[in-house]
Each structure stands twice: as structure tokens, then as C-alpha cells.
Amino acid sequence: MLFLAALFLSTNMVFGKAITSVEPFTLAMLRWVIASAILLCLCRPSWPVLLQTFRENYKLLFLCGFLGYWTCGGIVYLALRYTSATNGILIYTTTPLIILGIEAWWRNRGISFREILGITIAVSGVLAIILQGDFSTLLTIQFNPGDIIFVLVAISWAVYSVLLKSPSLSHLRTLPLLALVASCGAVLVIPFAIGEIALFQKFPVTRFEWLNIGGIVVFSSILSFLSYQYGVRMLGASIAGIFMYLMPAFGLYLSWVFLGERLEAFHISGTIFILGGVVTATLPIRLSKRSAP
């Protein structure tokens, strides 16, 4: 499920590159208003439980909505106006490390040598792809205000991932939990989208725009967040975060297939390192011990 989560989250890169005529918060509003409406319909039998959970945990739920849907929604599209996707992806690779740090400090979770080794290998693969196999270019990368925004986004996603494991939300299954948090996120995005529409007088009208928005709703939102939140629920935020290293590789391959971008040798070698790092960091201990003899 976490493998699929990384794949579906990567589709946002493809749809985001294909649709540039829609303003950031307008796109985020359409994304989460439509997605939350669909999710609420799918979990209608759980509405009484959702209402009770909201009454008891509305502060936590709106915090999750702010971190995971407002910040990692409209703010991401806004940051891409000022920085490159390369810089954004490079900064995003710090998220698993931030999650490990938060859980180690907040929940006293130990960090194993195997996890550190796996993360190191995966980061090497990500850098190989981003830097096109030439690590010397790492010294020449220039950062700008958009990069600072991406740092905040990476921290927000890490905190959001940890908060999903809060005991007060543990009684909810994955679908109702996503419906509830996505609805809170949509409520927070709506005022900013209304202001954006009033200011720029722009709203999607073409078939091409709505097809891309539909792809963002189904693949980049519903399927990706369901898979990711299920992974967090079953394995924890630290393991789920490590799988996010797959996103750059998936994004490149999807861009190659659907956008006609070139696929180079360093893309393939980088993907091998990323997969090796993910496997090293997340392989169940009982399987690694069993294969040791």
C-alpha cells in the first residue's frame, strides 16, 4: 500500500505540470472539496461516529487539515511559482528524517542502524536523479524564497504523518479518518480560494483543465492519501515516510510516459539505489534474520 501511495502521490507532479492555468489555492480547493465530498458519501454509515469524533477532537483535526491539506496543498503549488521542481524534490527528501526525529523526541522511538543505512542509500539515489549523476552540481544549487516554503512544507508533512497516529483518532478506520481530515482541510482552503478567484478572476472552464483536476482528485488525493494513511496506521509514520523516497523516481517515469520527457541512465541507477534503500530500511527484522544463515 505504501508503494502505491508513493506512486499515486507522484501523479500530482504530472498533473501539476500539465495544468498551470489554475491558481494554487483554487486548485487546492477544487481538489479537496470534491475529494472530501466523495469520501463522505462513501463512508455515510460512519457519519454519527465522525460527528462525535469531530466534537471531541476538532482542534487536532483542523491542525491535521492545515498541515496536510492547506500547507501541502495550495502552498506547494504557490512555492513552485518561485522555485524549481528539482529544488522542491531535494528538500522533500528530508521529510523521513524529520519524521524519525519527531518520533524519537516525542514518542521515544529508537532509530536503528539499518534505518539510517537505508535512508542514506535512498537519499543517494534521489540525489543521483536530481543532480543527473553529477554530484558536484550539488555545490552550485541556489536556493530562493520558494525553497524556504518547501522546508516548511516538509516539516508540515512530517508533523501531519505523526499526528495521524494520535490515540484519539485510532478508533477510526482509514476511509472515515481521511474523509474527516480532508473535510477540515477543505474548509481551511476555501476562504483563500475565494479571495484568489475574486482577485485574479480565473476559474477552470476547459475540458482539459477539468480532466486534470479529476486526475488530481482520484489519483493524487483519494487513492494516494488512503494508501498513505493506511500505511501510517499499520506500520507507523517513520516507515511510511521512508517510502516517500520513491516519489522522485515515480515522477520521472510518469513524466517520461505521459509528458514525453527523456529517460537517462542515471534515472535507472538512481531508482535502483532508492529501491535498495527502501528495502534496507523497511524489511521486517524477522525476514532479515531468517535469510541471514
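What the phi angles of the stretch 230-239 give under the Karplus curve with 6.51, -1.76 and 1.60, with θ = phi - 60°, is a coupling list of 5, x, 4, 5, 8, 10, x, 5, 5, 5 Hz, glycine and proline written as x. Measuring r between the beta carbons of Met1 and Ser166 and using R0 = 30 Å, the FRET efficiency lands at 0.90.
3J(HN,Hα) couplings calculated from phi for the stretch 174-180 with the Karplus curve 6.51 cos²θ - 1.76 cosθ + 1.60 (θ = phi - 60°) are, in sequence order, 4, 5, x, 5, 5, 4, 5 Hz; Gly and Pro show x.
At Leu211 and Ile116, where each label point lies 7 Å from the Cα along Cα→Cβ, what is the point-to-point distance in nanometres? Each label point lies 7 Å from its Cα, and together they span 5.0 nm. If the segment from Lys59 to Val218 were pulled out straight at 0.36 nm per residue, it would be longer than the present Cα-Cα gap by 54.5 nm.
In this calculation the C-beta distance from Leu42 to Phe200 is compared with R0 = 35 Å, giving a FRET efficiency of 0.60. Sequentially through the stretch 149-166, phi angles give Karplus couplings (6.51, -1.76, 1.60; θ = phi - 60°) of 4, 5, 4, 5, 5, 4, 5, 4, 5, 5, 5, 4, 4, 6, 5, 4, 8, 4 Hz, Gly and Pro residues having no value and appearing as x. Of the labelled figures [x] 0.97; [y] 1.01; [z] 1.17, only one reflects Rg/Rh (Cα atoms, Kirkwood Rh) as derived from the coordinates, namely [x].
When the Gaussian network model of the chain links Cα atoms closer than 10 Å, the mean-square fluctuations of Leu152, Leu211, Leu78 top out at Leu211. Find which of Leu211, Gly251, Cys184 sits farthest along the positive direction of the dipole of the chain, computed with +1 on the beta-carbon of Lys and Arg, -1 on that of Asp and Glu, about the Cα centre. My answer, from the dipole projection, is Cys184.
Quick note: the coordinates plus some simple rules give every number you see, no bench work behind them. Since the structure is predicted, the reported quantities are computational estimates derived from the model, not experimental observations. Every residue, glycine among them, receives a Cβ derived from its backbone with ideal geometry; neighbour counts consider all protein chains shown.
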